[in-house]
Amino acid sequence: MTDYDVIVVGGGPAGSMAAHSAASQGLKTIMLEKDRDIGYPVRCGEAIGDVGLRQFMDPQPEWIAATITKIRMRSPNNTPIDFESDQIGYILHRRIFDYALANRASQVGAEIQTRAYVDGLIIENEAVRGVQYQYMGEKRSLRAKLVIGADGVESRVGRMAGIRTSIKLRHIESAYQATVGNIEIDQSMIDFYVGRNWAPGGYLWVFPKRDGMANVGLGVIGTLARDYNSHDLVHKFLKEYYPKATMLTSVCGGVPIAQTLKCITGNGIMLTGDAARMVNPVSGGGIISGMHGGKIAGEVAVEAISAGDVSVNGLREYPKRWRKVGGKNHETLHRISETIYDITDEQLNKIAERLSKTPEKDRTLLKIFTAVAREKPRILLDVTRAFAGV
Amino acid sequence: MILVKDNRCDFCGTCVAVCPVDAIELREADISIIHETCIDCDICIWVCPIDVLTSDQEPEGKND
Ligand SMILES: Cc1cc2nc3c(=O)[nH]c(=O)nc-3n(C[C@H](O)[C@H](O)[C@H](O)COP(=O)(O)OP(=O)(O)OC[C@H]3O[C@@H](n4cnc5c(N)ncnc54)[C@H](O)[C@@H]3O)c2cc1C
Ligand code: SF4
Ligand code: SF4
C-alpha cells in the first residue's frame, strides 16, 4: 500500500520541476517543504540566463526585477572589463518565481505541504519506500513508490538512503548576501569583482533589483573560509563603495561547486538539484541546472513506475539523461573551475589590462577567453566550449 | 565539542553540507549538533559564513 507514487522532498526549483513533470503524467505526487514558505528565505543572487530560462518557460514580467544587457568584470586592481549583449538574462524575484514554479506543479495535480520537515526514510528490503516527517511538531509518515530528494545544499535525504553526499571544503562556497536599498547602480548591468582582495577563491557580485535596490554578495571558497569571512567582506565592500546603501535583508548560504555526485540514485530514490550537486561550478548558478535535473527526475519517475521497476537499475536512465543535458558540460565547467582556482591576482590583472586595450565593441566572449588563455593556455578550449553550450 | 552561539544562526545549511558524519540537525529555525555522532573535525566552524559555531577545545579557532 502506498499513499503516493512520488514524494518530492524540498520545494525549490528542482523539487517543483520534479513534482510538475511527475504529476503532469498522472502520478500521484506530493512535495514536502520544511519551511513555512516556498521560496523564502531567498538564498540566491537571483541571476538567470535568458537562453537557459527559455528552455522551460517564457520570462514573465512579475518575476523579473531587472533585465541585464551588460556584464562588468573587475580585476583585482579594479580594471573594469565590460561585455554587452541583449540576450544575457535577468535578476529574478525568486520568491515570486519559486511560488510560480510550485503553483505550476500544483496546477497539474501535485500536492504541496509546507512546514513538513523530513527527518527519516522508510527503508525496507534495501529500498526506500517512503518518508518520515514532522509537521508542526507532530510525527507523520508517508509511503510511496519513489522518493525524490531535492533538499538543496544540505542533501540529507540522500545520506539517509546511504548515498554519500557530504561535500569537501574545496567544493563549497561559503556565501553571504545583503539585499540593499539606496544604491546607485546601472539597472541593466551585473558587476563582478574578482581577486583575493574582495573575493578569495570566488567573486563578489552586485546585481540590480530595480528602484535603487541590489543584491550584493560574495562566496568564499571553503578552504579559505577559515581566514576570510564573507559576511565581513561584504560589509567592508559596502562601506567602501556604497556607504549610503541600507540593509533590507541578508542571507547566508552554501553554493556547492563540486562535480555532480557519481551516484544520484538508489533503490526507490533519486537526488536532484543542489542535493545532487548539479550547480554550474564556474558561475555558481544552480537554478537552471536544478530545473533540468528535476524535470528529468520526474520524467524518469514516470517511466520507472509504469515499468514497475524503481530499483537502481530501473532508474538508470536518470544519470544518463542528466549527463546528456547538463552533465557533460558540467564536467567541463568543473575542470575550468579547478583551473580558475589557481589563477593568481597578478595573472588576473594582466588579463584585464590586455582586455581593456581592446575596444569595447570588439570585446567578444571569445576575445576575453583568448586573453585568459594567454595566461592559462589549457583552459581556452574548455571555456569556449562551456559557454557555447550554456 | 561544537557549540552553537545563541541567536546567531541563519539556518542556511552550509555546515550540514560539509559535515562528514551527518551530525547536524537543521530545521526551519532550529539547529543542533548531535554530539554522539560528531567527530570534532571542526570544518563546520570554518565554513559558516557568520561564525555561529565554535569549539570548546580549540580556543584559537576562527571565532576568537
Ligand atoms: C548566496 C547564494 C547566491 C546564489 N546565486 C545564484 C544566482 O544568482 N543564480 C543561480 O542560478 N543560482 C544561484 N545560487 C544557487 C541557487 O540558489 C541554487 O542552486 C538553487 O536554489 C538550487 O535549487 P534546488 O531546488 O536544488 O534547492 P533549493 O532551492 O535550496 O531548495 C531546497 C529546498 O529543500 C528544503 N529542504 C531541505 N531539507 C529538507 C527536509 N529535510 N525536509 C523538507 N524540506 C527540506 C529547503 O528548505 C529548500 O526550500 C546561489 C546560491 C547562494 C547560496
Ligand atoms: S553554516 Fe552557520 S549560519 Fe548556516 S546553518 Fe550552519 S551554523 Fe547556521
Ligand atoms: S565538527 Fe565535524 S563532525 Fe562535528 S558537526 Fe562539525 S562538521 Fe560535523
With the first residue restricted to segment A:248-262 and required to be more than 7 Å from every other protein chain (Cβ to nearest Cβ), and the second required to be open to solvent by less than 10 Å² (accessible area, probe 1.4 Å) and of a type in the set (Lys, Arg), Cβ contacts under 7 Å at 6 or more apart or on different chains are A:Ala258/A:Arg277; A:Gln259/A:Arg277; A:Thr260/A:Arg277; A:Leu261/A:Arg277
(1) of a type in the set (D, E, K, R); (2) part of a strand (DSSP E or B); (3) open to solvent by 10 Å² or more (accessible area, probe 1.4 Å) all hold for A:Asp191 apart from (3)
Condition set aliphatic (A, V, I, L, M) and in a helix (DSSP H, G or I), scope segment A:154-169, selection nearest to the other protein chains (Cβ to nearest Cβ): answer is A:Leu169
query: Is it the case that some residue within segment A:34-55 is part of a helix (DSSP H, G or I) and at pLDDT 95 or above?
result: no
Note on A:Gly286: of the conditions (1) touching an Asp or Glu at 6+ places or on another chain (Cβ under 6 Å); (2) within 14 Å of chain B (Cβ to nearest Cβ); (3) at pLDDT 95 or above, unmet is (3)
Selection from segment B:1-40 of residues within 16 Å of ligand 1 (Cβ to nearest atom) and in a loop (DSSP other than H, G, I, E, B) yields B:Cys9, B:Asp10, B:Phe11, B:Cys12, B:Gly13, B:Cys19, B:Asp22, B:Ala23, B:Glu28, B:Ala29, B:Ile34
Within segment A:170-197, residues being among the aliphatic types (A, V, I, L, M) and more than 14 Å from chain B (Cβ to nearest Cβ) number 6
Looking across segment A:272-290 at residues that are not β-branched (Val, Ile, Thr) and not in a loop (DSSP other than H, G, I, E, B), the single one that is nearest to ligand 2 (Cβ to nearest atom) is A:Asp274
Selection over segment B:1-24 where residues are over 10 Å from the mean Cα position of the chain (by Cα), more than 7 Å from every other protein chain (Cβ to nearest Cβ) and under 20 Å from A:Asp37 (Cα atoms) yields a count of 1
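The values are calculated or read from the model by the stated rules, or taken from the named source; none is laboratory data. Quick caveat: nothing in here was measured; it's all calculated off a predicted structure. Every residue, glycine among them, receives a Cβ derived from its backbone with ideal geometry; neighbour counts consider all protein chains shown. To get the accessible areas, we keep the full protein, side chains included, count just its heavy atoms, and leave off ligands, DNA and RNA. Shrake-Rupley method; radii C 1.70, N 1.55, O 1.52, S 1.80 Å.
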